[in-house]
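What follows is one structure encoded as structure tokens, with my remarks underneath.
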Amino acid sequence: MSKIAVIGFGSLLWDLDDLAPKVSGEWKMYQGPVLPLEFSLVSRKRHLALALVIDYLDGAPCPTCVIDSIRSDISASVIDLAKRERMEPSNIGFIDRASGQSHSHRKETQQTLWRWIKNSDYDGAVWTDGERNFENLTGKRFSLQTAQDHLWSLRGISFEEAKRYIREAPSRVETPLRKALDGSPWWHHDPKG
């Protein structure tokens with residue numbers, strides 16, 4: 001029977017949502033592949049908060065986490081994660097050791113996951129393989145300044161969700177934006193009330 005890993009690095013770790021009955025055990029913290037991550041995804045699901053995404057332009061190498069899928073079929077695991085993420089299955093990456101098949105928007109991600117899976121006891125892996133959309137949704141090039149400007153512009157539930165998401169992300173996910181926010185008094189002491 002195949003053993004399939006679900007790779008997580010963002011809200012999946014504290015909000016399995018409808019994926020909860022499709023996984024077993026606890027998260028294995030920081031035992032997944034190292035991937036370049038940054039908060040460069042404007043999340044409609046999270047009220048325009050910035051969410052983590054695999055980002056080869058502005059991301060920093062960060063360890064990911066692993067939880068076991070209850071499925072033994074990679075396509076079922078892809079569908080399970082796509083439903084949780086409320087996205088098309090084409091935005092879920094996968095590696096299937098048995099068939100040799102894999103999918104990702106980026107060849108670099110596939111190569112990283114193949115190296116990881118070969119050194120693991122898993123037969124396959126799935127992960128959220130969405131692409132950054134900061135430029136498309138804000139009209140501005142992502143930078144530490146434009147990202148902070150975006151966060152500053154958020155109000156009410158959007159700002160609270162942005163703070164919660166970045167605060168709840170795994171502590172070893174140390175992206176450039178997270179480091180910049182750590183040193184920003186306005187981020188820790190919201191003057192907007």
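The values are calculated or read from the model by the stated rules, or taken from the named source; none is laboratory data. Owing to the predicted nature of the structure, the values given are computational and were not obtained by experimental measurement. Here the Cβ positions follow ideal geometry from the backbone for every residue, glycine too, while neighbour counts run over all protein chains shown.
Kindly indicate whether Glu135 is modelled with pLDDT of 95 or more, on the phi < 0 side of the Ramachandran plot and not aromatic (Phe, Trp, Tyr).
Yes: the conditions hold for Glu135.
Which one of these is among the aliphatic types (A, V, I, L, M), farther than 27 Å from Leu137 by Cβ, modelled with pLDDT of 95 or more and in contact with a Gly (Cβ under 8 Å, 6 or more places away or on another chain): Ile70, Ile74? Give the steps one after another, and end with the answer.
Details: Ile70 fails: in contact with a Gly (Cβ under 8 Å, 6 or more places away or on another chain).
It is Ile74.
Take the residues of region 57-80 that are free of Cβ contacts under 8 Å to residues at least 40 places away in the same chain and farther than 22 Å from Glu26 by Cβ: which is surrounded by the most Cβ atoms within 10 Å (Cβ to Cβ)? Give the derivation first.
First, pick out the residues of region 57-80 that are free of Cβ contacts under 8 Å to residues at least 40 places away in the same chain: 61, 75-76, 79.
From the residues that got through so far, the ones that are farther than 22 Å from Glu26 by Cβ too are 61, 75, 79.
Numbers: Pro61: 12, Ser75: 14, Ile79: 16.
My answer is Ile79.
Return the only residue of Lys3, Lys83 being touching a residue at least 40 places away in the same chain (Cβ under 8 Å), touching an Asp or Glu at 6+ places or on another chain (Cβ under 7 Å) and farther than 30 Å from Leu154 by Cβ.
Numbers: Lys83 fails: farther than 30 Å from Leu154 by Cβ.
On inspection, the qualifying residue turns out to be Lys3.
For a quick check of your reading: which helices (runs of 4 or more DSSP H) sit entirely within region 112-181 and have at least 2 residues that are of a type in the set (A, V, I, L, M) and in contact (Cβ under 8 Å) with a residue 24 or more places away in the chain?
144-153, 156-168
Only residues that are surrounded by 13 or more Cβ atoms within 10 Å (Cβ to Cβ) and of a type in the set (Gly, Ala, Ser): list them for region 6-24, please.
Once the filter is applied, which keeps residues that are surrounded by 13 or more Cβ atoms within 10 Å (Cβ to Cβ) and of a type in the set (Gly, Ala, Ser), region 6-24 yields Gly8, Gly10, Ser11.
Take Arg97 and decide whether it is basic (Lys, Arg), farther than 25 Å from Ser171 by Cβ and touching a Gly at 6+ places or on another chain (Cβ under 8 Å).
So Arg97 fits the description; yes.
Table: residues versus (1) modelled with pLDDT under 95; (2) hydrophobic (A, V, I, L, M, F, W, C); (3) on the phi > 0 side of the Ramachandran plot; (4) surrounded by fewer than 17 Cβ atoms within 10 Å (Cβ to Cβ).
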| position | (1), (2), (3), (4) |
| --- | --- |
| Ser104 | no, no, no, no |
| Lys107 | no, no, no, yes |
| Ala125 | no, yes, no, no |
| Thr128 | no, no, no, no |
| Gly139 | no, no, yes, yes |
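Inspect all residues belonging to region 45-57 and state whether any of them is more than 19 Å from Tyr165 (Cβ to Cβ), in a strand (DSSP E or B) and not aliphatic (A, V, I, L, M).
No, region 45-57 has no match at all.
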